[in-house]
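The block underneath contains the structure these notes are about, expressed in structure tokens.
The values are calculated or read from the model by the stated rules, or taken from the named source; none is laboratory data. For clarity, every value in this text was computed on a predicted model and none was experimentally measured. Backbone-built Cβ (ideal geometry, glycine too); neighbour counts: all protein chains shown. Accessible surface areas use protein heavy atoms only, side chains included; no ligands, DNA or RNA. Shrake-Rupley method; radii C 1.70, N 1.55, O 1.52, S 1.80 Å.
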There are 4 protein chains.
Amino acid sequence: MFELDVRSRKPIYEQLVDKLKELIITEILKTDEQLPSVRSLAQELTINPNTIQKAYRELENQGYIYSIKGKGSFVSPATHQPNTEKIVKVKKELTKYLSEALFLGVSTAELIDLIKEIEANVGGGMLNDEDESSEKML
Amino acid sequence: MFELDVRSRKPIYEQLVDKLKELIITEILKTDEQLPSVRSLAQELTINPNTIQKAYRELENQGYIYSIKGKGSFVSPATHQPNTEKIVKVKKELTKYLSEALFLGVSTAELIDLIKEIEANVGGGMLNDEDESSEKML
Amino acid sequence: MFELDVRSRKPIYEQLVDKLKELIITEILKTDEQLPSVRSLAQELTINPNTIQKAYRELENQGYIYSIKGKGSFVSPATHQPNTEKIVKVKKELTKYLSEALFLGVSTAELIDLIKEIEANVGGGMLNDEDESSEKML
Amino acid sequence: MFELDVRSRKPIYEQLVDKLKELIITEILKTDEQLPSVRSLAQELTINPNTIQKAYRELENQGYIYSIKGKGSFVSPATHQPNTEKIVKVKKELTKYLSEALFLGVSTAELIDLIKEIEANVGGGMLNDEDESSEKML
DNA sequence: GTGGTCTAGACCACT
DNA sequence: GTGGTCTAGACCACA
């Protein structure tokens, strides 16, 4: 399920954050769906529960999930009130990596293709095709 | 000139690497142009020379600059022999941030515009041997 | 264990890199085995931890080890996907020293013997999953 | 004639030493032949005369050339009294690089070919085709 | 003058 | 406890 690379320079908790974000963005994890418990996930991945905890906390800070004491962690509904601050940050990163890609010889066409390809995978975004059923929970 | 954020979670030397890479990619720093000396830059930015050194070393490892002991540090010529390994890495990062941007509500059109805008700034790419305006800077 | 010559013209960290490379190549240090911690090795060798760090970092760059923040440093699995660039470099050095050896009167036979001798010590190469004697060391 | 790589990590004077050694070893520069003067070589290569000077001094120390004040520098006759100390050093380097080559996947056969190829280029040396004379050595 | 190495000692981030 | 970053200050090697 999760393929963590312990050899990576990137901290494990960050890898976890990225993976979970991806699952949420691609709507493999749907709004209000429950995430695996800290302990079960820790056991499954054979890593320290504190590491999972840290990843969940980070996701909560970024607004991707919410936690309820005693019950668990759940996927937040997509807010769709454009979060300017975050968008600015992401665009900054994008600019950095797009420049580097172009510098390394990747063509514009290739990059546009990449965007389109990704677009197809991202949960319809704000008009997310037919999830009408995710409105309970707190 | 360089705006470093000493409080950032990103190490100073990495910030420096990114800034300098940017200057090289946009050809504000031209091939074989001399970079500011370790010590002068350290003084200008009021950070430790070792930190600058670390950044320069990293840039050297990544192939962006080369250093000569008694002489200084200089911009490497762009190789333009596509470095597959690096490209794969960059594309991975791009995928991550592009997904996130789309999820945050940035439109595809906007992203394509971003690419085109960046493309205009990145060094002419392959052929710029006869650049007429290589005045020093910094 | 490690014999470092602090007076040598070769930097300490490079001596360390060479020694550790040797231990890895001869498989005295096995894949995924943990290296001594930066601090413990520094204490043992009575040199500065930063120097050890630098050596470890260099080994990481060269692909011989990998480091995980809160855990330690470990031997990378041998990739065995021939790294052309590195091979070219090594062959260049070999040519230099082989010429010199021949010039100094070492016979071809002697050199071939040297190769065979070394070959016997270098980790079996491809297939050594079922090594029976992987006791720790260091 | 000399192709020096100013971008190399290796100091220029060392590159010079290596090149000149090579010319002497391959007997392109014959015994007692005069080397170019420090100043003329400096001019030709457009590098600092001090750098040439340093290279020549090093070659003199290693016994490859000799200098006569007011006259110039000349190739030393090959001594042929096996220089144990040097041979030990060279063998040490060879062991290092041979190990690495084998580790990187270069075959023994390939290495032996390399030796034979080099042997053909090295100035007959001591005539050591089947040198019967190289078996003493401390 | 340049880059490069090393030390001593502090503090942070991750597990 | 692990690796990683940073500083202040010293000394060396190269051109």
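Values computed for the structure shown
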| item | result |
| --- | --- |
| Heavy atoms of residue D:74: accessible area, 1.4 Å probe, square angstrom to 10 | 20 |
| Neighbouring partner chain Cβ atoms per residue of C:17-25, average, 10 Å criterion | 2 |
| Neighbouring partner chain Cβ atoms per residue of D:112-121, average, 10 Å criterion | 5 |
| Over chain A, relative contact order from alpha-carbon pairs under 8 Å, at least 6 apart, % | 26 |
| Of all accessible heavy-atom area on chain C, the percent that carbon and sulfur account for (1.4 Å) | 48 |
| Using distinct alpha-carbon pairs, which all enter the 1/r mean, Kirkwood radius of segment D:12-75 in Å | 11.6 |
| Average beta-carbon neighbours from other chains, 10 Å sphere, peptide A:88-94 | 6 |
| Exam field: residue D:120 pseudo-label spacings to other copies (7 Å along Cα-Cβ), nanometres | 3.1, 5.5, 5.9 |
| Total accessible area lost when C and D pair, probe 1.4 Å, Å² to nearest 100 | 4100 |
| Value of D in µm² per second that Stokes-Einstein yields for the protein assembly as shown, Kirkwood Rh from Cα pairs, at 25 °C (0.890 mPa s) | 87 |
| On Cα atoms only, tilt of A:84-103 relative to the major axis of chain A in degrees | 50 |
| Largest-first ordering by accessible area, 1.4 Å probe, given options A:113, B:32 | A:113, B:32 |
| Rotational relation B to C, axis-closest Cβ in chain B, residue and distance rounded to whole Å | B:61, 3 |
| Shortest-first nm distances, residue A:68 label point to equivalent points in other copies (7 Å, Cα→Cβ) | 3.5, 6.9, 10.0 |
| Label-point gap, in nm, between residue A:109 and residue A:37 - each point 7 angstrom along Cα→Cβ | 5.4 |
| Using a 7 Å Cα-to-Cβ projection, residue C:81 label spacings across copies, nm, ascending | 1.8, 4.7, 5.5 |
| Hull shadow area, averaged, chain C [alpha-carbon convex hull, nm²] | 10.2 |
| Reach of residue A:54 by Cα under 17 Å, taken over lysines that are not fewer than 8 positions away in the same chain | A:10, A:19, A:21, A:69, C:69, C:71 |
| Computed helical MRE - 222 nm, chain D, DSSP H runs ≥ 4 contributing -39500 (n - 2.57), nearest 500 | -16000 deg cm²/dmol |
